[in-house]
Amino acid sequence: MSQVVAVIMAGGKGERFWPFSRRDQPKQMLPLTTDKPLLVETVNRVLPITDFDHIFIVSNERLAPNVLQSLPDLPPQNSLAEPFGRDTAPCLAFSAHVIQQRFGADTIMLVLSADHHVEHQERFRSYLRQAICVAEADLLCTIGLEPDRPEIGYGYLELGEPVAQLGSDVYRVVRFTEKPDEPTAQKMLDSGNYLWNGGMFCWKTGVFLNAMKRLLPEVAEPFEALAPVVDSPAMKDTLKNIFDTVPKISVDYGVMERASNVMTVAARNVGWDDLGSWLAFERLNPSDQSGNTVKGKSLLLDTENSIVASRDGLVVTIGVKDILVARSGNAVLVAKKDCAGELREVIRMLESQEDLKKYL
């Protein structure tokens with residue numbers, strides 16, 4: 001059995017749960033579903049499969065100190081900092097070269113995101129172990145999630161034939177489908193032949209890097225300069241030069257959609273959510289008898305079906321319905337719940353005005 005290294009992607013700009021999340025404290029650093037930050041929950045999820053010496057957290061230079069503070073048992077050299085974001089293909093090329101230099105090309109990379117919620121931990125781990133077995137066969141593997149609603153915010157995987165010799169829940173991937181409109185998402189759900197693409201992967205490090213060379217040379221070739229300087233004083237400057245060169249591209253689009261040896265493990269009934277907006281917070285936390293989801297100190301009068309969250313001070317609502325109120329530090333958000341997805345536009349507006357950047 002090959003060594004297994006967990007790579008947990010933990011970058012982010014603090015957009016989705018603003019004003020709780022900020023640039024210095026994006027959502028993976030927040031305790032949104034339990035009393036522990038999502039990053040810590042993610043690490044705890046994989047510790048039965050691997051150990052701290054084989055867990056890598058990839059964030060950015062701004063967040064790296066917070067990562068080590070949140071995870072005191074993590075070796076400092078296992079906190080990898082990108083100079084700036086270039087999406088998941090460069091992120092994973094960076095991780096793969098470090099892992100290959102330290103542990104070898106046959107090391108299995110189990111790639112997870114730091115901002116996911118999983119309710120049924122042991123069941124989920126059983127699917128991760130199936131993915132590791134698929135990777136042992138020199139295949140690229142993704143972990144797909146059984147959909148329970150016609151979600152338009154996720155990509156989808158179309159299933160091919162099952163591959164029983166690799167595991168009872170392993171299928172060939174026919175194609176990746178981008179975020180659909182609602183009628184298409186409903187058809188996919190009804191067909192029973194699609195999974196959500198959760199952005200979780202498993203492969204041998206060398207197999208992945210070879211696929212990058214073949215399918216995404218514009219990323220793979222610049223990263224070849226990294227291998228000779230891994231863990232040396234020259235690594236930081238070399239990495240910045242590489243990130244200045246490579247395009248911004250996801251590993252899904254750049255590699256997985258173009259490869260022919262892609263399998264998926266169908267993870268069913270694990271209670272997965274990617275916590276993409278305040279509406280996910282509502283899905284995953286209990287509501288009161290009026291349908292309100294509350295966090296922190298609040299006083300609600302004649303209030304229905306609303307999200308009310310406060311990290312600082314008291315929030316009072318009177319005579320409202322279907323709204324979102326979030327208060328943290330120097331900012332308060334008040335919105336209709338169905339506008340929660342527009343927070344990215346708010347962030348862009350804050351970024352564009354010098355006197356408002358302090359609220360990011």
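Pairwise Cα distances in the range 25-105 exceed 14 Å in 65 percent of cases. Using a Gaussian network for the chain with springs between C-alpha atoms less than 10 Å apart, which of these wobbles most: Ala89, Ala114, Ala227? Residue with maximal mean-square fluctuation among Ala89, Ala114, Ala227: Ala227. What do you get for the angle between helix 235-245 and the principal long axis of the chain? Use alpha-carbon atoms, 0 to 90 degrees, nearest ten. So the inclination is approximately 80 degrees.
Compared with the dominant Cα axis of the chain, that is its longest principal axis, helix 182-191 is turned about 60°. GNM remark for the chain: springs join alpha carbons under 10 Å apart, and the peak mean-square fluctuation among Ser287, Ser232, Ser79 falls on Ser232. Pairing rule first: another cysteine's C-beta must sit under 4.7 Å. Under that rule, which cysteines of the chain stay single? Lacking a cysteine Cβ partner under 4.7 Å: Cys91, Cys133, Cys339. Which of rounded, prolate or oblate describes the range 1-151 when judged by the alpha-carbon gyration tensor and an a/c cut-off of 1.5? Verdict is oblate for the range 1-151. Most simply put, the chain has about 45% antiparallel DSSP beta bridges, counting only bridges with both residues inside it.
One compactness figure for the range 290-360 is 1.19, namely its Cα radius of gyration divided by 2.2 N^0.38 Å. Taken over the alpha carbons of the range 165-255 as equal point scatterers, the Debye sum produces base-10 log I(q)/I(0) values at 0.11, 0.13, 0.22, 0.25 Å⁻¹ of -0.50, -0.65, -1.18, -1.35. The ratio of the alpha-carbon radius of gyration of the range 4-273 to the globular-protein estimate 2.2 N^0.38 Å is 0.96. In the chain, Cα pairs under 8 Å separated by at least six residues give a relative contact order of 19 percent.
For the range 80-229, the Kirkwood estimate of hydrodynamic radius, built from reciprocal distances between every pair of different alpha carbons, is 16.8 Å.
From the Kirkwood radius over Cα pairs of the range 70-154, Stokes-Einstein at 20 °C and 1.002 mPa s returns a whole-number translational diffusion coefficient of 138 µm²/s.
Each reported figure results from applying straightforward, stated rules to the coordinates on display, with no laboratory input. These numbers come from a predicted model, not from an experiment. Heads up, the Cβs are rebuilt from the backbone with ideal geometry, glycines too, and the neighbour counts pull from every protein chain shown.
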